[in-house]
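Chemist: The structure is given below, and queries will be raised subsequently.
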Amino acid sequence: MTILEGKIALVTGASRGIGRAIAIELGKGHAAVAINYLKNREAAEATAQEVEAAGGRAAVFGADVSVQAEAKALVQQAVERFGGLDVLVNNAGVNSDRTVRRMSAEEWGYVVRTNLDSVFYCANAALPHLMSRGGGRIVNIASVLGQMGNVGQVNYSASKGGVIAFTKGLALEVAHYNILVNAVCPGYIETDMMAGLAPQFREGLLARIPLGRFGTPEEVARLVRFLVAEGDYITGQQFNVNGGMYM
Ligand code: NAP
């Protein structure tokens with residue numbers, strides 16, 4: 001499968017978890033993939049090796065995408081390294097859980113800046129490059145919690161609901177440039193983000209998932225690959241990969 005040969009992609013937060021799986025999946029299609037990380041350079045290098053082993057090209061770039069200047073520099077570096085940009089996958093994300101009554105403004109701001117502001121910063125920097133290539137794809141990784149909300153995760157849910165609304169608005173703005181913008185809404189996926197969940201909480205969650213299991217990063221990544229490589233008439237949509245948890 002060389003369906004992405006000649007395409008250049010930037011995946012934010014690709015050192016671990018879902019972003020790592022997306023980078024590798026795009027590598028399987030022979031894309032050139034710019035792999036962003038915040039702290040874990042070694043893990044990002046390992047992702048790069050896997051992208052290359054899959055047939056793609058890879059380079060790693062450290063940047064905090066919640067800071068506009070760093071997001072802008074990240075996009076610029078990726079463009080300079082590979083000679084352009086066709087695909088932006090806004091995947092980097094964090095949580096910092098507490099009920100609203102007890103939540104500090106720092107906990108609110110950290111999550112909203114990382115999950116939502118970053119999507120604006122990266123898209124804002126990437127759009128001129130996508131336009132100069134005659135079109136492109138943006139895939140934003142939102143969440144089932146941006147659709148249904150959750151106790152103790154209102155900052156996270158609000159940020160992801162914002163990502164879904166951002167996706168629809170931007171899709172309208174840039175459709176005439178042949179830039180397609182979609183959101184992917186994972187349910188509960190086995191990554192480091194879920195590692196801290198107490199066993200009884202995990203059991204409670206499983207009981208609410210019709211397929212009876214958590215998802216894998218690869219199951220999210222395959223949908224992203226489809227949207228990037230084949231979703232020629234799809235824009236402004238939100239796609240659920242949640243085992244039936246929310247319909
Ligand atoms: P993860 O395993 O915790 O990985 C998070 C990734 O984001 C890491 O690569 C991390 O880099 C990077 N990152 C964090 N803050 C960053 C920043 N400010 N700038 C640049 N990179 C940053 O998370 P995940 O579970 O794969 O989640 C990926 C996305 O899917 C997130 O947007 C998350 O909200 C969403 N999602 C996850 C689930 C789930 O159940 N796992 C469900 C729905 C949605 P370092 O390694 O350098 O720290």
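Chemist: Under the condition of being out of contact with any Lys or Arg (no Cβ under 9 Å at 6 or more places or on another chain), in a loop (DSSP other than H, G, I, E, B) and within 6 Å of the ligand (Cβ to nearest atom), which residue from the range 1-17 is least open to solvent (accessible area, probe 1.4 Å)?
Modeler: Step by step, filter the range 1-17, then rank; the result is Thr12.
Chemist: Kindly list, by first and then second residue, each pair from a residue in the range 39-65 that is farther than 13 Å from Arg81 by Cβ and charged (D, E, K, R) to a residue that is within 14 Å of the ligand (Cβ to nearest atom) and open to solvent by 10 Å² or more (accessible area, probe 1.4 Å), limited to pairs with Cβ atoms under 6 Å and residues at least 6 apart or on different chains.
Modeler: Qualifying pairs under 6 Å: Glu45/Val60; Glu50/Ile24; Asp64/Leu38; Asp64/Glu70.
Listed here are the residues, each with its yes/no results for (1) over 19 Å from the mean Cα position of the chain (by Cα); (2) within 15 Å of Gly236 (Cα to Cα); (3) within 9 Å of the ligand (Cβ to nearest atom).
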position: Asn115; (1), (2), (3): no, no, yes
position: Phe120; (1), (2), (3): no, no, no
position: Ile141; (1), (2), (3): no, yes, yes
position: Gly162; (1), (2), (3): no, yes, no
position: Lys168; (1), (2), (3): no, yes, no
position: Leu180; (1), (2), (3): no, yes, no
position: Glu190; (1), (2), (3): no, no, yes
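Chemist: Consider the range 24-49. How many of its residues are outside any loop (DSSP other than H, G, I, E, B) and within 14 Å of the ligand (Cβ to nearest atom)?
Modeler: Qualifying residue count for the region: 15.
Chemist: What residue, of Ile189, Ile209, is over 28 Å from Leu4 (Cα atoms) and in contact (Cβ under 8 Å) with a residue 24 or more places away in the chain?
Modeler: Ile209
Chemist: Here's another thing I want to ask about it. Quick one: which of Ala73, Ala21 is surrounded by fewer than 24 Cβ atoms within 10 Å (Cβ to Cβ), in a helix (DSSP H, G or I) and at pLDDT 95 or above?
Modeler: Exactly one residue qualifies, and that residue is Ala73.
Chemist: Need a quick list: helices (runs of 4 or more DSSP H) entirely within the range 153-247 having at least 3 residues that are modelled with pLDDT of 95 or more and crowded, with 17+ Cβ neighbours inside 10 Å.
Modeler: 154-174, 217-230
The values are calculated or read from the model by the stated rules, or taken from the named source; none is laboratory data. This one's a predicted model, so the numbers in the text were calculated from it and none came from an experiment. Positions of Cβ are generated from backbone atoms using ideal geometry, with glycine treated the same way; all protein chains shown enter the neighbour counts. To get the accessible areas, we keep the full protein, side chains included, count just its heavy atoms, and leave off ligands, DNA and RNA. Shrake-Rupley method; radii C 1.70, N 1.55, O 1.52, S 1.80 Å.
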